[in-house]
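Report on one structure; see the data block that follows.
The values are calculated or read from the model by the stated rules, or taken from the named source; none is laboratory data. Since the model is a prediction, treat every value here as computed from it, not as a measurement. Every residue, glycine among them, receives a Cβ derived from its backbone with ideal geometry; neighbour counts consider all protein chains shown.
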Amino acid sequence: MHEMSIAESIIEIAEEYAAKENAKVVTELDLSIGTLAGIEFESLEFALETCKNGTILQNTIINIDKVKAKAKCFDCNLEFEVEHLFDACPHCKSYSTQLLCGKEMQVKSLLVD
Ligand SMILES: [Zn+2]
């Protein structure tokens, strides 16, 4: 399950940030994750809950913002929501599309005390 190693690196990032700010606790952590980032949200939530025990993130409120994947069609310029990578344009059925967002995985904000 690679969600476990992702959770570990998210916690490392938060710990490093907190150390820089001389903070004792991280109160809130906002993550932004695309629906095509290849992550199972439930597994990641579980992994985070497990990994944060015993760290300064033990009582942190973790919010995961799911970014819906969107693509743009080169043929008709339609922007549409993508469920699977390489979905055809729902309007003209073209495969000539470009992914606009949905693969991101980032720490959006951190609140420390
Ligand atoms: Zn199209």
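Inside the stretch 85-108, residues that are loosely packed, with under 11 Cβ neighbours inside 10 Å and in contact (Cβ under 8 Å) with a residue 12 or more places away in the chain make up a count of 1.
For the stretch 60-76, taking the residues that are in contact with a Phe, Trp or Tyr (Cβ under 9 Å, 6 or more places away or on another chain) and within 16 Å of the ligand (Cβ to nearest atom), the one that is farthest from residue 29 (Cα to Cα) is identified as 73.
Being away from the ligand (no atom under 11 Å from the Cβ) and part of a loop (DSSP other than H, G, I, E, B) is the filter; apply it to the stretch 96-113 and report the residue that is farthest from residue 31 (Cα to Cα).
Our first condition is that a residue be away from the ligand (no atom under 11 Å from the Cβ); within the stretch 96-113, this holds for 98-113.
Okay, now just the ones that are also part of a loop (DSSP other than H, G, I, E, B), so 102-104, 113.
Details: 102: 13, 103: 13, 104: 10, 113: 18 Å.
The residue in question is 113.
So that you can scan it fast, the table gives a plain yes or no per residue for (1) of a type in the set (Asp, Glu); (2) in contact with a helix residue (DSSP H, G or I) (Cβ under 7 Å, 6 or more places away or on another chain):
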position	(1), (2)
18	no, no
26	no, yes
29	no, yes
35	no, no
45	yes, no
49	yes, no
53	no, no
61	no, no
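Screening residue 81 on (1) more than 16 Å from the ligand (Cβ to nearest atom); (2) under 18 Å from the mean Cα position of the chain (by Cα) shows it passes everything except condition (1).
Just give me the residues in the stretch 20-37 being touching a residue at least 12 places away in the same chain (Cβ under 8 Å) and either more than 13 Å from residue 62 (Cβ to Cβ) or part of a loop (DSSP other than H, G, I, E, B) (or both), in sequence order. Residues satisfying the conditions are 21, 23, 24, 25, 34, 35, 36, 37.
Restricting the stretch 77-102 to residues that are at pLDDT 95 or above and aromatic (Phe, Trp, Tyr), the residue that is nearest to residue 39 (Cα to Cα) is 80.
Just one of the listed residues (28, 12, 16, 8) is under 14 Å from residue 107 (Cα atoms), over 18 Å from the mean Cα position of the chain (by Cα) and among the charged types (D, E, K, R), and it is 16.
Condition first: assigned to a loop (DSSP other than H, G, I, E, B) and in contact with a Pro (Cβ under 9 Å, 6 or more places away or on another chain). Now tell me which residues in the stretch 69-95 satisfy that. Listed by number, the list holds a single entry, 78.
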